[in-house]
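To keep things clear, I will list the structure first and then write my remarks on it.
Readers should treat all values here as calculations from the given coordinates under stated rules, not as data from a laboratory. Keep in mind it's a predicted model, so treat the numbers as computed, not measured. In this analysis, Cβ positions are derived from the backbone assuming ideal geometry, glycine residues included, and neighbour counts consider all displayed protein chains.
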Amino acid sequence: MIGRCSHIAGRPLRVFFAIFPNQAAQDQLTRQTELLEPICGGYKVKKTHLHLTLLFLGNVSIHRIEPLQEAMKAISEKEFEISLEVIGYWKKSQIIYMQAKRFPNELFSLVDSIKGKLSEAEFLFDERTFKPHITLIRKATRPARIELPQPIQWHVNEWFLVQSKQTNQGINYIPLAQWFLK
C-alpha cells in the first residue's frame, strides 16, 4: 500500500482504478489544458489530477479496502503505449477530453481483468461501457474538436487504486495502492 486511508471511522471511501500519465505526458496534457481553457471556458483539471479512469467503484467500506487490494494482486497484464491525439467535447457533461484514435488492446484487457477480479471478490462497480479518455476541462462553455499534429505518447507501466476525497480546498486524489504491469 502506498498511501494511508484518511477517513472518519466507519465512513466508506470513494474509490476508483486509474492510470496516471508519466511526467512528459502530464506536461504535454497540461499544456493542452492551458491552451484550451481561454477558448472553451470552464475549469482546467489540475496537473496532478490528470488521469484515465479504468473503473469507478464508488463508495467502498474501509473494511473492504484490504480485500480489494488483495484481489488485484492476481492481475498480470502487459505494459502498453497510448498515443493521444484527439481532443473532443461532451456537451451533456460539459467536458473537454483527450483520447486516442485507437486505444491498445492491453488497456481493455487490464480493465476486463479488474472487472473479473472484482466480480470474483463480490465487489460492486460501475458497469457502464468503458470509454477511455482523459478529462482536461470541466464545465466547458464552448466545444473543441481538434486532432493534434503530433500525438502525446504515454508509456503505461503501472495502475492505481485511488481515493477521491472531498476537502475544504476541493477534491484530492489519494493513491491507496499501486500495481505494476509486466
> Quick one: if you take sqrt(5λ) for each eigenvalue of the C-alpha gyration tensor of the range 43-130, what semi-axes come out, biggest first, whole angstrom?
Replying inline: 26, 18, 12
>> Taking the 0 to 90 degree range and rounding to the nearest ten, how far is the long axis of helix 105-120 tilted relative to the main principal axis of the chain, both from C-alpha atoms?
In response: 30
> What lysines could a cross-link reach from K115, if we take a straight Cα to Cα line under 21 Å and drop same-chain neighbours fewer than 8 places away?
Replying inline: K73, K78, K131, K182
> What dipole magnitude, in Debye to the nearest 20, does the chain give about its Cα centre under +1 on Lys/Arg Cβ and -1 on Asp/Glu Cβ?
Replying inline: 720
>> What do you get for the angle between helix 23-40 and the principal long axis of the chain? Use alpha-carbon atoms, 0 to 90 degrees, nearest ten.
In response: 50
> Of the trypsin sites (Lys or Arg not before Pro) in the range 60-95, which ones lie in a loop per DSSP and count no more than 14 other C-beta atoms within 10 Å?
Replying inline: K73, K78, K91, K92
> So if R0 is 41 Å, what FRET efficiency would A24 and H63 give, r being the distance between their Cβ atoms, rounded to the nearest 0.05?
Replying inline: 0.60
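Starting from the eigenvalues of the Cα gyration tensor, five times each then square-rooted, give me the equivalent ellipsoid semi-axes of the range 1-103, largest first, whole Å.
Taking √(5λ) for each Cα gyration eigenvalue gives 30, 18, 13 Å.
Any idea what the relative contact order of the chain is, in percent, if you count C-alpha pairs under 8 Å spaced at least 6 apart?
35
Among M98, M72, which comes first, second and so on when ranked by fewest other beta-carbon atoms within 10 Å?
M72, M98
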>> What distance in nm separates the two pseudo spin-label positions at F108 and L181, each 7 Å out from Cα along the beta-carbon direction?
In response: 1.5
> Given H placed on each backbone N at 1.01 Å, which residues far from L181 in sequence or on other chains put an amide H within less than 5 Å of it?
Replying inline: E158, W159
> Can you list residues whose amide H is under 5 Å from N22's amide H, if they're 5+ apart or on another chain and H is modeled 1.01 Å from N?
Replying inline: H155
> Across the range 129-139, in residue order, what do the Karplus-derived ³J(HN,Hα) couplings come to in whole Hz, using 6.51 cos²θ - 1.76 cosθ + 1.60 with θ = phi - 60° and x for Gly and Pro?
Replying inline: 4, 5, 10, x, 6, 10, 6, 9, 9, 9, 6
> Given a cut-off of 20 Å, what percent of all Cα-Cα pairs of the range 95-175 lie beyond it?
Replying inline: 53
> What number, rounded to the nearest 500 deg cm²/dmol, is the helix-based mean residue ellipticity at 222 nm of the chain, given -39500 (n - 2.57) per DSSP H run of at least four residues and division by all its residues?
Replying inline: -7500 deg cm²/dmol
